[in-house]
1. Within the group Ala143, Ala126, Ala121, Ala148, which residue is in contact (Cβ under 8 Å) with a residue 60 or more places away in the chain and of a type outside the set (Ser, Thr, Tyr)?
2. If a residue has to be in contact with a Phe, Trp or Tyr (Cβ under 8 Å, 6 or more places away or on another chain) and open to solvent by 60 Å² or more (accessible area, probe 1.4 Å) to count, how many in the stretch 87-117 make the cut?
3. Is there any pair linking a residue in the stretch 28-39 that is more than 12 Å from Leu104 (Cα to Cα) and of a type in the set (A, V, I, L, M, F, W, C) to one that is open to solvent by less than 70 Å² (accessible area, probe 1.4 Å) and at pLDDT 60 or above, with Cβ under 9 Å and at least six apart or on different chains, and which?
4. Output the qualifying pairs, or none if there are none: Cβ atoms under 7 angstrom, residues six or more apart or on different chains, first residue in the stretch 95-108 and under 11 Å from Leu142 (Cβ atoms), second residue surrounded by 15 or more Cβ atoms within 10 Å (Cβ to Cβ) and small (Gly, Ala, Ser).
5. Kindly list the number of the only condition in (1) open to solvent by less than 20 Å² (accessible area, probe 1.4 Å); (2) under 19 Å from the mean Cα position of the chain (by Cα); (3) charged (D, E, K, R) that fails for Glu127.
6. Restricting attention to the stretch 55-71, which residues are within 24 Å of the chain's Cα centre (by Cα) and surrounded by 14 or more Cβ atoms within 10 Å (Cβ to Cβ)?
7. Residues Glu102, Glu76, Glu127, Glu54: which one is in contact with a Lys or Arg (Cβ under 9 Å, 6 or more places away or on another chain), farther than 17 Å from Arg145 by Cα and either modelled with pLDDT under 95 or not aliphatic (A, V, I, L, M) (or both)?
8. Before we move on, is Leu120 in a helix (DSSP H, G or I), out of contact with any Cys (no Cβ under 7 Å at 6 or more places or on another chain), modelled with pLDDT of 95 or more and surrounded by 11 or more Cβ atoms within 10 Å (Cβ to Cβ)?
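The values are calculated or read from the model by the stated rules, or taken from the named source; none is laboratory data. Given the structure is predicted, the values throughout are model-derived calculations rather than measurements. We place every Cβ from the backbone using ideal geometry, glycine too, and count neighbours over all the protein chains shown. Note: areas computed on protein heavy atoms with side chains; ligands, DNA, RNA excluded. Shrake-Rupley method; radii C 1.70, N 1.55, O 1.52, S 1.80 Å.
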Amino acid sequence: MLNAIALVVSVGALGTSLAVARRQLRLAHNSNLLPIVLDLFRETRTLDFSQSMEYIRDQLTGQHPADDGYRNLPEEVKVHIRRVGLFYDDIGKLVTHGVVDEQLILGAYGNAIPRTWDTLAPFVYAEREKYRNLTMVYFEDLACRASATTMQRVHAAAGLRARPPEQRSM
């Protein structure tokens, strides 16, 4: 009987040790990722990034045909395309390889990802065709992932709550 109790206590201690070790590994992993995630979020708050997003959304397709890709466009246009396209491509790499949580990225950028991809895709596909490369494949994958859900679903799954403003009577 005493041996059975000792075995149960040992198994319990082993289980607890494994759980604690796993939690410590997860915390260490997350603390190493925090600077990366913060840099990503910081980038999208810069004036340059906002101006590039606005240019792509509001002007790019009206001012330039996509037939030849983007490499031969004027330098200021290429800057906008590369700033945004390569940003989302880099995020796509991190998501695809499990470095950052997909739901975190989709909850933060969700709808903007496929909208931006849809605008840039003709330029990217022309670029791939002309230069036989795989430019922005991770961005394309990220756009597919983002199109498969909505930000609202991601937010609901994360348990985000609403707190509308108080209605004050006069």
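1. Ala126
2. Within the stretch 87-117, residues that are in contact with a Phe, Trp or Tyr (Cβ under 8 Å, 6 or more places away or on another chain) and open to solvent by 60 Å² or more (accessible area, probe 1.4 Å) number 2.
3. Listed pairs, sorted by first residue: Leu33/Leu94; Leu33/Val99; Leu33/Val100; Ile36/Leu94; Ile36/Val99; Ile36/Val100.
4. Once the first residue is under 11 Å from Leu142 (Cβ atoms) and sits in the stretch 95-108, its partners that are surrounded by 15 or more Cβ atoms within 10 Å (Cβ to Cβ) and small (Gly, Ala, Ser) give Leu106/Ala146.
5. (2)
6. Once the filter is applied, which keeps residues that are within 24 Å of the chain's Cα centre (by Cα) and surrounded by 14 or more Cβ atoms within 10 Å (Cβ to Cβ), the stretch 55-71 yields Tyr55, Ile56, Arg57, Leu60, Tyr70.
7. Glu127 is the lone residue from the list that is in contact with a Lys or Arg (Cβ under 9 Å, 6 or more places away or on another chain), farther than 17 Å from Arg145 by Cα and either modelled with pLDDT under 95 or not aliphatic (A, V, I, L, M) (or both).
8. The answer is yes for Leu120.
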